[in-house]
Every structure is written in structure tokens, then in C-alpha cells.
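The values are calculated or read from the model by the stated rules, or taken from the named source; none is laboratory data. On a predicted model such as this, the values are computed, not experimentally measured, just so you know. Every residue, glycine as well, gets a Cβ built from its backbone with ideal geometry; the counts of neighbours run over all protein chains shown.
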Amino acid sequence: MHKTYSPDSVAPPFSNYVHAVEAPGDARWLYVSGQLGVARDGSVPVDFTGQAEQAFRNVIAILEEAGMGVADIVRVNTYLTDTADIGDYRGIRDRMLGNHATASTMLVISALAAPHFKIEIEVVAAKA
């Protein structure tokens, strides 16, 4: 079981994440490369919501292939290309991850690997 930290001496998180996550010493670690909103057939939704949901589906499929699940995620790094998508992203993240709060970093950057990509999500997971 992961232990989370959000001390009272630090400003509270802005949304559903925690300031730190500690995994047990005997955990098996999985580092998931950044996932874009690209479906298995190579299609990419035009809209942010479609891309974000597909990126999370890709992350979850990789976790499952490794014998892990959403509850094993300890950190999520998200890269967005538009600040207007932050609120939608938080809602999608909360829906896709349920009540599971992770350590989290979000960056808004000028571009991803190709101009039509709007989001990239990478995670670190640990399972004892």
C-alpha cells in the first residue's frame, strides 16, 4: 500500500492529487513513457477531450499489461498545450483515475511532438 503526504505546513493541492507518495521498499516499479491520444489504429481525435481520454486509456492498458492498475500509480506528469484545457483535464483525470490521488505535475508547453497533439501523459507506478 502506498503512503501519501500532504502536510498542513504546505498549501493544499489545487485538485485531486497529493504532495508526495511513498511506495513500499519491496515494490516493483514501472515507468510508462508519455502517452498521446493515439488509438491502436493510429487515429487521433481532433478535440482535447478525445485525446485526453485516449491517452489515459493507453496508460491503463499498459498498466494492465504489466499486471498493475490505476491504484498502483504513484506519479502522473501531464503536458498540455493550452491553459484553457486545464479544467477539462482535471475532470477527465478524476474520472479516469477515480478517487486515486497521486503525486502530480502539470506543465503547459508550446507544443508536443506534432502540432495536432494537445496532451501527453506519463506515469510511474509501483506494486508490492
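Anything in region 83-99 that is under 10 Å from Tyr17 (Cβ atoms) and either modelled with pLDDT under 95 or hydrophobic (A, V, I, L, M, F, W, C) (or both)? List them, or say none.
The answer is Leu97, and nothing else.
Please give the number of the condition Phe14 fails out of (1) assigned to a loop (DSSP other than H, G, I, E, B); (2) free of Cβ contacts under 8 Å to residues at least 24 places away in the same chain; (3) over 17 Å from the mean Cα position of the chain (by Cα).
(3)
Answer yes or no as to whether Gln51 is in contact with a strand residue (DSSP E or B) (Cβ under 8 Å, 6 or more places away or on another chain), crowded, with 20+ Cβ neighbours inside 10 Å and farther than 27 Å from Met1 by Cα.
yes
Any idea which residue in region 67-83 is surrounded by the most Cβ atoms within 10 Å (Cβ to Cβ), counting only those that are more than 10 Å from the chain's Cα centre (by Cα) and within 19 Å of Gln54 (Cβ to Cβ)?
For region 67-83, the residue satisfying everything is Leu80.
Could you say which residue among Gly91, Gly42 is surrounded by fewer than 20 Cβ atoms within 10 Å (Cβ to Cβ), within 13 Å of the chain's Cα centre (by Cα) and free of Cβ contacts under 8 Å to residues at least 24 places away in the same chain?
Being surrounded by fewer than 20 Cβ atoms within 10 Å (Cβ to Cβ), within 13 Å of the chain's Cα centre (by Cα) and free of Cβ contacts under 8 Å to residues at least 24 places away in the same chain holds for just one of Gly91, Gly42, which is Gly91.
I'd like to know if region 52-60 contains one or more residues that are aromatic (Phe, Trp, Tyr), without any contact (Cβ under 8 Å) to a residue 60 or more places away in the chain and in a helix (DSSP H, G or I).
no
Please determine, by comparing only the residues of region 94-115 that are in a helix (DSSP H, G or I) and touching a residue at least 12 places away in the same chain (Cβ under 8 Å), which one is surrounded by the fewest Cβ atoms within 10 Å (Cβ to Cβ).
So, considering only residues that are in a helix (DSSP H, G or I) and touching a residue at least 12 places away in the same chain (Cβ under 8 Å), the one surrounded by the fewest Cβ atoms within 10 Å (Cβ to Cβ) is Asp94.
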